Structures are given as structure tokens and as C-alpha cells.
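The values are calculated or read from the model by the stated rules, or taken from the named source; none is laboratory data. Bear in mind that the values here come from a model prediction, so they are computed numbers and not experimental data. Here Cβ is always computed from backbone atoms with ideal geometry, including for glycine, and neighbour counts include all displayed protein chains.
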Amino acid sequence: MSNKMWGGRFETGPSEIMEEINASITFDQRLYAQDIRGSQAHCRMLVATGIISAENGERILHGLDTILSEIEAGDFTFSRALEDIHMNIESRLAELIGPDAGRLHTGRSRNDQVATDFRLYVRDTVDTFAQQIATLQAALARKADAHADTILPGFTHLQNAQPVTFGHHCLAYVEMLERDRTRFLDARARMNECPLGAAALAGTSFPIDREMTAKELGFDRPARNSLDAVADRDFVLETLAAAAITSTHLSRLAEEIVLWATAQFRFVSLSDKFTTGSSIMPQKRNPDAAELVRGKVGRVIGALNSLMTVMKGLPLTYSKDMQEDKELTFDAFSTLSLCLAAMTGMVDDLEPNADRMHEAAAEGFSTATDLADWLVRELGLPFREAHHITGSLVALAEGGDVMLDGLTLEQMQSVELRITKDVFDVLSVDNSVASRKSLGGTAPDNVRTEARRWLDLRKV
Ligand code: ARG
């Protein structure tokens, strides 16, 4: 039997394999709410413009409401023979209200319909991400406030560089996440144009009111070019790019948590809630959630790559290739959403080991820059010369297997005669951190102020 939605010129139905490759209903049924919402807006507009009668409009709207409840109650049978969510719903509408159901598709096509549904879906997801990111930022800002004074070794090249505070480190992620959050919102602003009414590709001869449907669906305006409206998917690409960058940030934090939780670092302890044990080694506590957040970024970047590859060779306008936009997007979105939730839980539960971090921060001559700065400030030396002298002092300490503050004043003076005992004030990690009061620096007072500013912004 040929397809009842479009089979006029067809004698037989598609082959089994054709049906399998063509159908999207197994995954695009996720768009049911957006599809019904879009259809109802279109229907109201058709009535308002006199394209269909008020009576037909009422029956269509009511039928669509019934379908929405059926789907939500799990009472709807999706059919693969009907390909996709659009035709499944329209076909059910015909069962419910008869042939007048066919009037709904006046002045529209599945091409503008799917572009509209998907935009609505992506827009809703962006709003969810913005919320979830804000929640994670709040969790990080709470840790930052609680640990504004807790010392952490700051690394470059994963080598001890200068001591910082744990709070400052948390706030670095808050900043990254703020760019991620606003990147999603920027994408939202660009995507918020309504494709509905572009019809198949060229617009329609019916006197439709695109401003009306755009407004009803919460779009800022109708898309201005019908070809572009049905042919482009950059709203998804841009959102996936924002998702890929966010996932990358989460992955970096996840990697730090994995490192920090090792027996070698021992910087943090993780709770039972986000770790697992081993079936053979009773002592183990594995940071699985962090590892998975680190690992799942592959899927999200993969989705961006896949869709870029799908789109790159497509002539205008719609091609069926574009149906490939959905599964990977759904997967990337649920992946990121889960990772944001898992990371928020891990951050909330994570307990820094302040003593161990303090001890590690003092290793590796981490206050050497403070010593060089002292030579500049107190003895008026050019920084390069101070750097050189400090290097010699580090070599001296290394040779004697002591930290910088383990050198005697005499030993220091053997390198630079004018050094006084005041130098010892700048050699402790606590003094080092407290002195970094420059804007954006790691001094505890700065960190506390910043953490509270964020907590205030996030109102928690
Ligand atoms: N299921 C299709 C998709 O997701 C809907 C659009 C179909 N349009 C068409 N001309 N066959 O892309």
C-alpha cells in the first residue's frame, strides 16, 4: 500500500529497507510537544486569516489537544510506516476528526514544520542548560567562599608554580562557565526566528500571517528568507559548539578531580555518592563520575563534528540528510545535562584536604617569585637580575635539601650581601597568597569578595 500522507502518485509502498532507513519516528517522537504547539499556532493563524473556517480550526485544535494527552499518557501508537512525528500526529488527527484534519497542512510543509519544531526544542534545551550552569556556578562559588583561605599549589606545566587558594581555583571555573552560559544565550538570541510559513522552500500563495505565528511561538520575528529558513541548521551547530566547549570545561575540572583524589596528590576526598569501589581491591575508591564526565565530552564534540560533516556539502534547500541532525543532538544534549548534574553533585560533596594542599604548595620552591619580587621592591634591583639571584638561591636550597625559608640569612647573603632578615616574611605560602591583591589575584580577601559577588548574583 502506498503512503496515505503522500502516496498519490505511488502504486506500491516502500521496501522494508527503505522504511527502515527513512523513518525517524523512533527518535523524533521527542519533538511531539513542539510539533503540537507549532501546529496549534499554525491552525489559529489559518483561522485568523480566514484560510480555514473557525469551526474546522476548533476541531483541529481540540484533536491536537487529545493527541497531546494520548502521547503523554503513553496511549499513542507510533507507526514506522508513517515515518516521522509530523505524519504520525497528522494521521492520528485524521482518525480523530476525519478528512478536515488535512486542512491543517495548508500553507506549510514538513520542511518548515521540522525546522520550527527543532528550533523550539533547541531553544528549550538552551534555557535548561543556562539554569543548570547557574546551579553549578553557585556550587562552585559556595566552595570558593568556604575555601577562600585554603592554600592550593598553583601549577603551570603541572609543576609547582605559585601558591594560590582553592577558592580562587573554583572561581576560575565559575568564570569559564559564565562564558559558556552566555554563549548559549547568544546562540538563543540568534536562533529565535520563526521558520514557519517558509513552507516547502519558496513561501506560499496563501495569505498567511507569519508575524502572528512567530509571536505565538515566542520567536522574536519570522525568518526573512524562506530558502534559508528550511535549509539551515546553524542554530543547532552553534548550540552544539557551545555544548562542546562547556563539556570541555567540565572535562578539565573532572580531570583535576581525578588527579586530586589520587594517593599521590591527596588534595581532596570524594563522597560515597559519586565514587565506586572495586570488586577485587577492597581499598579502592574510584572517581567514576569524574572519569565519565571527562570521557563523555567525546560524544558531544563528536555530535558537533558529525553535524558539521552532514551539512557541509548540502545544496540549498532541504535534503533528507538533515534528518540526521536529531539523534546526535538529542544524545549530546542529554549527555551534557547529565554531566552538569553530576559535576554539581561532585563539587557539592568534595572535601579539600587543606593540610595536604598546604604542604604540597610549599614544595618546589613555590615562593621563589615572591623572593625575586622582594629583591626588586626592597633593594631596587631590576627584575631580571633579581630573577638570576633567586635562581642561585633556589640552587643553594636544592643542594642543601631545604626549602627557601630553610636557608640561613648568612647563606642568602653569600649570594646577595644586601639581603636582610625581612626577606623571610615573604617566603611562606600564606604570605605569598595574601600578597596577591592585584585585581583578579588569588589573595583570600579578593576571593571572598568575588565568591560573595557570585553567590549574590546566583541568589543562594
Ligand atoms: N523527518 C524529516 C526530518 O526530520 C521531516 C522533514 C521531511 N521533509 C521532507 N521533505 N521529506 O528532516
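A few remarks follow.
- When we screen Arg44, Arg37, Arg92, Arg119 for residues that are buried (at least 20 other Cβ atoms within 10 Å of the Cβ), at pLDDT 95 or above and more than 16 Å from the ligand (Cβ to nearest atom), the only hit is Arg92.
- Elements of type helices (runs of 4 or more DSSP H) contained in the range 354-460, each with 1 or more residues being out of contact with any Lys or Arg (no Cβ under 9 Å at 6 or more places or on another chain) and closer than 16 Å to Ala161 by Cβ: 354-362, 368-379, 383-400, 429-435
- Members of the range 327-341 that are crowded, with 22+ Cβ neighbours inside 10 Å and within 13 Å of the ligand (Cβ to nearest atom): Thr329
This table checks each residue for (1) in contact with a Cys (Cβ under 9 Å, 6 or more places away or on another chain); (2) more than 30 Å from Gly154 (Cα to Cα).
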{"site": "Thr213", "(1), (2)": "yes, yes"}
{"site": "Val230", "(1), (2)": "no, yes"}
{"site": "Leu259", "(1), (2)": "no, no"}
{"site": "Ser271", "(1), (2)": "no, no"}
{"site": "Asp288", "(1), (2)": "no, no"}
{"site": "Ala303", "(1), (2)": "no, yes"}
{"site": "Leu307", "(1), (2)": "no, yes"}
{"site": "Val310", "(1), (2)": "no, yes"}
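- Yes/no for Ile52 being away from the ligand (no atom under 16 Å from the Cβ), of a type in the set (A, V, I, L, M, F, W, C), buried (at least 17 other Cβ atoms within 10 Å of the Cβ) and not in a helix (DSSP H, G or I): yes
- Selection from the range 286-326 of residues that are part of a loop (DSSP other than H, G, I, E, B), over 20 Å from Leu253 (Cα atoms) and away from the ligand (no atom under 14 Å from the Cβ): Lys312, Gly313, Pro315
- Qualifying residue in the range 275-293 (condition: among the β-branched types (Val, Ile, Thr), more than 25 Å from Asp84 (Cβ to Cβ), buried (at least 17 other Cβ atoms within 10 Å of the Cβ) and over 18 Å from the mean Cα position of the chain (by Cα)): yes
- For Gly277, the conditions (1) within 16 Å of the ligand (Cβ to nearest atom); (2) free of Cβ contacts under 8 Å to residues at least 24 places away in the same chain; (3) of a type outside the set (Asp, Glu) are fulfilled apart from (1).
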